[in-house]
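First comes the structure, then the notes that go with it.
The values are calculated or read from the model by the stated rules, or taken from the named source; none is laboratory data. The model shown is predicted, which means the values in this text are computed figures rather than measured ones. Ideal geometry is used to build each Cβ from the backbone, glycine not excepted, and the neighbour counts take in all protein chains shown.
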Amino acid sequence: MDKKKLTRWDLQQMKDSGEKAVWITAYDYWNASFAEKAGMDMILVGDSLGMCVYGYEGTVPVTMDQCICHCEAVRRGAKSTFIIGDMPFLSYQVSVENAVLNAGRFHKEAGVDAIKLEGGKRVCPQIRAICDGGMLVMGHIGLTPQSSGQLGGFKAQGRTARAAYELIEDAKAIQEAGAFALLVEAVPPEVCDIIRTTLTIPVYSIGAGIDADGQLMISSDVAGVFQAFTPKFVKKYENLAEKTIQAFSAYKEDVKQGRFPAPEHTYKMVEGELEKLQTKLN
């Protein structure tokens, strides 16, 4: 029997009762199905697919069509999981109207349950308009990868009193604009805890400490697949990259040495048919 897909109200109840939400990124059918079987509360089809799938140096090159395509695959793999589509760079910054149209694409073409976008007060008009359009929006503050150039790179945020205060004000504005939840990335745990206790909506952490209403991790980090770099807040639960390389190397060696394919990996002709074929050939 399929599990019951959570709603925004279930996620709110989890916050109110103190139950932690656990979610992870997924970019394809198989990992989405694995995440659902593992019992994840939510799946984010993050624009981190730019680095984890396409090998870009950051998230900026990711397009709407790429995000939609991967969301479609994830929805097929996790029909009973709350799925969030990540709005890529320039899909919502250009105008409020553009933001609503692109958020709508995620719902119409990929069947997501919500969308996420980065930024504080400056994107509140977009958040409000998307919510007015009948869609759920999750905010994202702190280290916002799409703005990494403006932030001076992939650096932790909110480490001074002034910077922390600005993040808290951004969080309040996002809630006021109608967001149903907020993701806080790469900020000191104390700042995340203040935001969590200040807001009534769920506040989730990725690299922002344990004092949040739940945790997000990148699937490629959890499984130990992504090798380009490892953020400080990542805990690798497996090393699939090394295991995959070993498997590929073993396969190559078997072929080179004539050990693969063995007889058990081949198909037999119907009895007597080989003789008939040889007769025809002769």
When every residue in the stretch 46-71 that is more than 14 Å from Phe226 (Cβ to Cβ) and surrounded by 23 or more Cβ atoms within 10 Å (Cβ to Cβ) is compared, the one nearest to the chain's Cα centre (by Cα) is Asp47
Looking only at the stretch 107-134, how many residues end up being out of contact with any Ser or Thr (no Cβ under 6 Å at 6 or more places or on another chain) and either at positive phi or of a type in the set (D, E, K, R) (or both)?
11
I need a count of the residues in the stretch 230-275 that are charged (D, E, K, R), outside any helix (DSSP H, G or I) and without any contact (Cβ under 8 Å) to a residue 24 or more places away in the chain.
6
With the requirement that a residue be aliphatic (A, V, I, L, M) and either surrounded by fewer than 15 Cβ atoms within 10 Å (Cβ to Cβ) or not in a loop (DSSP other than H, G, I, E, B) (or both), what does the stretch 145-159 give you?
Leu151
Kindly indicate the residue of the stretch 227-260 that is closer than 30 Å to Ala164 by Cα and of a type in the set (Phe, Trp, Tyr) and also modelled with the lowest pLDDT among those meeting that condition.
Phe229
Any hit, the stretch 165-176, residues being outside any strand (DSSP E or B) and over 17 Å from Arg122 (Cα atoms)
no
Taking the criterion of being among the polar types (S, T, N, Q) and either in contact (Cβ under 8 Å) with a residue 12 or more places away in the chain or outside any helix (DSSP H, G or I) (or both), would at least one residue in the stretch 185-197 satisfy it?
no
Would you confirm whether or not the stretch 77-93 contains a residue that is within 23 Å of Ala179 (Cα to Cα) and assigned to a helix (DSSP H, G or I)?
no
Selection from the stretch 11-30 of residues that are over 19 Å from Met51 (Cα atoms) and among the hydroxyl-bearing types (Ser, Thr, Tyr)
Ser17
Of the residues Gly120, Gly134, Gly104, which is surrounded by fewer than 23 Cβ atoms within 10 Å (Cβ to Cβ) and free of Cβ contacts under 8 Å to residues at least 12 places away in the same chain?
Gly134
